[in-house]
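First comes the structure, then the notes that go with it.
Every number in this text was worked out from the coordinates using simple rules, so none of it is lab data. These numbers were taken from a predicted model, which means no experiment stands behind them. Cβ placement follows ideal geometry from the backbone for every residue including glycine, while neighbour counts extend to all protein chains displayed.
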Amino acid sequence: MKNARRQIGAAILFLLTASCASVDGRPSYATARLNDLLDAVPLSISAGPGLYAGAHATVVGTGFGLTKHVHHFGWPSHRESFIRAGDWREFEIGLIAGTVRSSGAYDYDVDYLYLIGPLRGEHGPGGFEWPALLDLEVTAHALLLGARLAVSPIQFADLVTGIFGLDLVGDDAVSKPRHGRYLQDMQATPAANGTRR
């Protein structure tokens with residue numbers, strides 16, 4: 001009986017170790033599932049000057065206020081060309097009928113206009129960001145501190161199907177290793193040097 005337990009324990013340890021291994025720079029099975037989990041429940045805290053309150057529910061986005069170059073820690077709500085987890089700086093403005101979120105360091109804008117959204121802005125590839133279609137999100141930032149919490153049903157479905165090897169959103173092959181090296185990334189972008197792409 002003890003030998004059987006040891007063999008089962010060794011087999012589980014082997015499977016866990018193998019699932020965490022990276023192949024050809026692509027995330028392992030375990031890493032991809034963790035990424036899917038982070039995508040399904042994005043959460044971050046923010047620090048910096050600003051005053052903002054906003055909410056997104058499916059294609060409706062509303063907010064009021066402004067945060068400029070606020071530092072975020074956690075995992076972002078929009079992931080297409082962005083980090084999976086880390087820290088980043090972000091600009092966000094809300095004018096009740098719509099909101100805009102931007103980070104030039106990571107080349108993404110997300111626009112929610114009233115009953116139209118989420119849309120990718122000038123830094124991204126453009127078009128409708130369908131994995132965020134059903135997202136529910138609340139953001140609040142007062143003076144120096146804030147928080148953002150969201151739930152993404154489509155990304156949760158991607159997590160469930162990913163367990164069985166199906167990549168619903170098509171993001172498992174991308175490791176997105178960049179972390180929040182904001183100043184270095186800003187200095188490396190053409191916009192930081194006064195030129196446009």
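Before moving on, here are some points about what is shown:
- Taking label positions 7 Å along the Cα-Cβ direction at both Phe64 and Leu166, the computed distance is 4.4 nm, reported to one decimal.
- Summed side-chain charge close to Ser46 - residues other than Ser46 whose Cβ falls under 13 Å, Lys, Arg +1, Asp, Glu -1: +1
- Cα→Cβ-extended label distance, 7 Å offset, between Leu34 and Ala97, nm: 4.5
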